Amino acid sequence: MSNLEQIPVLTATAVFFISGILMMSFINIPFFVLLAFCLIMLTLTFSKRKKNFVFVLSLLFLCLGLGGLHLKNHLRPPRNHIALLDLQKAGNIQLGGIIDSDPTYGKRKINFVFKVKKIMSNGKSYDAQGKALVNIYSMGRFYYGDELILEGSLYRPFNFGNETNFSYRDYLQKQGISYILNVKKGNKIVFLADNGANPFKSLAFKLKHSFEDILKHKLWPVNSAVLSAIILGERQNFPEDIRRAFIQTGTAHIIAISGFNVGIVVFIFLIFLKAIGIKRKARYLVTIPILVIHMLAVGASASVVRATVMALIVLIAYLIEREPHIINSLSLAALIILAYNPLQIFDIGFQLSFISVLGIVILSPKILSLSRAFLCGLIPRMKGRKLKSSKVMLNSFAVSLAAWLATFGLVACYFRIISPVTILANLIIVPLVSLSIILGFILGLSAIACPQLAPPIAATTNFVLLFLFQAAFSLSRLPFAYFYF
């Protein structure tokens, strides 16, 4: 059997599909040329299905063409899409549509993603498609699924960046957002209906708000803001000094909801369901919808979708008593995300999320093996029980080093920072964050089921978070902990 045929099908499919997207971003091949190439590869795939090597090769080239075709199609919006319309010179304009995200309430404004259905300008009304980011500079309550007419000034996002090479315009474009609508005091806001919500997504947001209220009422303000960011993805009130300390120590990944956070959610609910006597397969069945609700509640970013898809695959594999394949699971997650939005391949969150997992899977076993060999050579008696007792520490070190090595280049390129202290910081900060998340969930459950237990749990959570912040500050102040360039 050839080496090509030994590669897992999903992995090879994902690699060629991604290569097609990347190729098309650098080379402008006409749409119909790509379409013809895909049809030829499709015909070849069916006609040579009995010849394994030719079949596999033609299938992979079909995936390559489909990746390029998908990006090409994604970048060709319908004629009535607002991205193609010049609306900045229209003055005050009215947009009709539906709130498509969970509204965020800041000190000066309320913002949300608005799915546009109609445009009204100069006495004319016409159908439209696309998304706009809405900023409302007045008081009010808005909910996901509300159908509104909003009046305001419309403009394209500024193409500004900063020292981290971040472009706000590119960021919004990857989310499918073409314009920003500013609705100031005095502008018209008309509420039409509230029937535009996905019931499952609406439930997720309601549960999220309930949990967020518990954290606000039970914890100190700073601790509530940090835990809301780590558990719920609500980062608008995250203290800047704590954020900077996490960035400098290379542990900013704990702020973004990712595989680390999703893994803890799975662990907590499986333990809870086991404690109340739910059988093993039933536990997996109950956890699956919980994971989907969690994904929707925290915003379904690329890292969350990747982690959720992988967790769902593992749970389903256990249900049907099959051994999950991590690389295949990662490949399927990438295909799902890119099938929805191929521009995510250029998003730093997508890149860091997938590369860190690949690094952990590929590098950590080798690092672990070398570490054990080094310790046994350094301390000949360190075998058997003594080596087993250090297993957890060695595993943590191997995972931390593997993730750092895998993402080192990307982090340096995007954020202009190198953090040698990262390996040590992960060994200290990650366990503290894990404990904080677990305590946060226990606090939420106790506040509902047994309010008398909430105060001592809240006090413990406050103490652990305070210790976490001090650890982050202390590590960031170590000599040569980080370098900006």
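The values are calculated or read from the model by the stated rules, or taken from the named source; none is laboratory data. All values reported here derive from a predicted model rather than from experimental measurement. Positions of Cβ are backbone-derived with ideal geometry, glycine not excepted, and every protein chain shown enters the neighbour counts. Calculation scope for accessible area: heavy atoms of the full protein, side chains included, ligands and nucleic acids excluded. Shrake-Rupley method; radii C 1.70, N 1.55, O 1.52, S 1.80 Å.
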Report task. Quick one: F112 ticks every box in (1) open to solvent by 40 Å² or more (accessible area, probe 1.4 Å); (2) touching a residue at least 24 places away in the same chain (Cβ under 8 Å) except a single one, so which number is it? Result -> (1)
Query raised in the report: With respect to A204, is the statement that it is part of a loop (DSSP other than H, G, I, E, B) and either among the β-branched types (V, I, T) or in contact (Cβ under 8 Å) with a residue 12 or more places away in the chain (or both) true?
Result: no
Report summary line: Checked pairs for the stretch 167-186, first within 21 Å of L84 (Cβ to Cβ) and among the acidic types (D, E), second at pLDDT below 95 and surrounded by fewer than 16 Cβ atoms within 10 Å (Cβ to Cβ), C-beta under 8 Å and 6 or more apart or across chains, list as D170/N159; D170/F346
Query raised in the report: Is at least one residue of the stretch 190-203 of a type in the set (V, I, T) and either surrounded by 15 or more Cβ atoms within 10 Å (Cβ to Cβ) or more than 25 Å from Q88 (Cβ to Cβ) (or both)?
Result: no
Query raised in the report: If I423 satisfies every condition in (1) in contact (Cβ under 8 Å) with a residue 60 or more places away in the chain; (2) in a helix (DSSP H, G or I); (3) among the aliphatic types (A, V, I, L, M) but one, which is the exception?
Result: (1)
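With the condition kept exactly as written, say whether any residue in the stretch 368-375 is basic (K, R), farther than 28 Å from C413 by Cβ and not in a helix (DSSP H, G or I). Talk me through it step by step, then tell me what you get.
Step one: list which residues in the stretch 368-375 are basic (K, R), which gives 372.
Next, from what is left, pick out any that are farther than 28 Å from C413 by Cβ: 372.
This time we only want the ones that are not in a helix (DSSP H, G or I), so: none.
No, there is no match, as no residue in the stretch 368-375 is basic (K, R), farther than 28 Å from C413 by Cβ and not in a helix (DSSP H, G or I).
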Query raised in the report: Restricting the search to the stretch 225-280, which residues are without any contact (Cβ under 8 Å) to a residue 12 or more places away in the chain and surrounded by 16 or more Cβ atoms within 10 Å (Cβ to Cβ)?
Result: A252, I278
Query raised in the report: Taking E147, is it surrounded by 17 or more Cβ atoms within 10 Å (Cβ to Cβ) and either out of contact with any Lys or Arg (no Cβ under 8 Å at 6 or more places or on another chain) or free of Cβ contacts under 8 Å to residues at least 40 places away in the same chain (or both)?
Result: yes
Query raised in the report: Looking at the stretch 27-80, which of its residues are of a type in the set (F, W, Y), more than 21 Å from L335 (Cβ to Cβ) and either at pLDDT 90 or above or within 26 Å of the chain's Cα centre (by Cα) (or both)?
Result: F31, F32
Report task. Starting from residues that are open to solvent by 100 Å² or more (accessible area, probe 1.4 Å) and under 28 Å from the mean Cα position of the chain (by Cα), keep the ones in the stretch 458-485 and report whichever is farthest from A412 (Cα to Cα). Result -> F467
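This table checks each residue for (1) farther than 23 Å from G409 by Cα; (2) touching a residue at least 40 places away in the same chain (Cβ under 8 Å); (3) buried (at least 17 other Cβ atoms within 10 Å of the Cβ).
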| position | (1), (2), (3) |
| --- | --- |
| Y318 | yes, no, no |
| E321 | yes, no, no |
| N328 | yes, yes, yes |
| L332 | yes, yes, yes |
| Y340 | yes, no, no |
| L343 | no, yes, yes |
| F346 | no, yes, no |
| F354 | no, yes, yes |
| V357 | no, yes, yes |
